[in-house]
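Here's the structure we're looking at; comments come further down.
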Amino acid sequence: MISRAKVAQIVILLIIVSLCAILVGSVWRKKAQPVDKKTRQAASSKDEMKLNDMKFTEMQEGKRYWTLRASEAKYFQDEQKTLMQSVRLTFFLDNAGHVLKLKSREGVLYAGTKDIDLKGDIQVKLPHDYIATMQTAHYNHGEKIVKSGSPVHLVGPGLVLDGKRWQYGMDNHTAEVDGGVSASLVLGELRIGK
């Protein structure tokens, strides 16, 4: 026969296991939702949901990988994409605090792949005070690369580059300008161009 102490221990153990399951379930649901959003439902048959002042943070291994903000976002469930206005995208590159900041007039977030297309007056702030400007850019989440096939203008300490294509690799923290590149090296009053 089981003693009362054993029954009490089993009941307490079941309560603890149930509480843990509830806690894990709520953390899982919280992690799957955007970090911060102010929601207003739109009365439209095309879009599923309209958000104002949207903020979404992608976490990897318990750390922020990127944060996406938009003044307005419309989510289309059938196409699994979100159309955004006044987009701000920040990548957290390392533990030293280096970030890559992109801003554009418009953007599209693809829910299935987490890829992001940006369009219109794009400005990219790179580490070490370099700034690249272009009209289109694409973030490939699987490859962890931001790239643009539109002409790019890059300026920074002592350097000006223009080219037809640009890309930045998140893993190796390397920016590349390609295609008909012209460069100017600026050292004080001296300017060397090619």
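The values are calculated or read from the model by the stated rules, or taken from the named source; none is laboratory data. These figures come from a predicted structure and were not determined experimentally. So basically every Cβ, Gly included, is an ideal-geometry build from the backbone, and we count neighbours across all protein chains shown.
With within 22 Å of Gln80 (Cβ to Cβ) and at pLDDT 95 or above as the only criterion, which of Ala137, Ala111 stands out?
Answer to the selection: Ala137.
When residues of the range 153-178 are filtered for being crowded, with 19+ Cβ neighbours inside 10 Å and of a type in the set (S, T, N, Q), how many remain?
Adding up the residues that qualify gives 1.
When you go through Arg88, Arg69 one by one, which is the residue that is surrounded by 18 or more Cβ atoms within 10 Å (Cβ to Cβ), more than 14 Å from Tyr168 (Cβ to Cβ) and at pLDDT 95 or above?
Sole residue among the options that is surrounded by 18 or more Cβ atoms within 10 Å (Cβ to Cβ), more than 14 Å from Tyr168 (Cβ to Cβ) and at pLDDT 95 or above: Arg69.
Using the structure shown, decide if Lys147 is charged (D, E, K, R) and closer than 15 Å to Trp166 by Cβ.
On the way: charged (D, E, K, R): yes; closer than 15 Å to Trp166 by Cβ: yes.
Yes: the conditions hold for Lys147.
Quick check on Gly97: is it surrounded by fewer than 17 Cβ atoms within 10 Å (Cβ to Cβ) and in contact with an Asp or Glu (Cβ under 8 Å, 6 or more places away or on another chain)? Quick ask: steps written out before the conclusion?
Working: surrounded by fewer than 17 Cβ atoms within 10 Å (Cβ to Cβ): yes; in contact with an Asp or Glu (Cβ under 8 Å, 6 or more places away or on another chain): no.
Criteria not met by Gly97.
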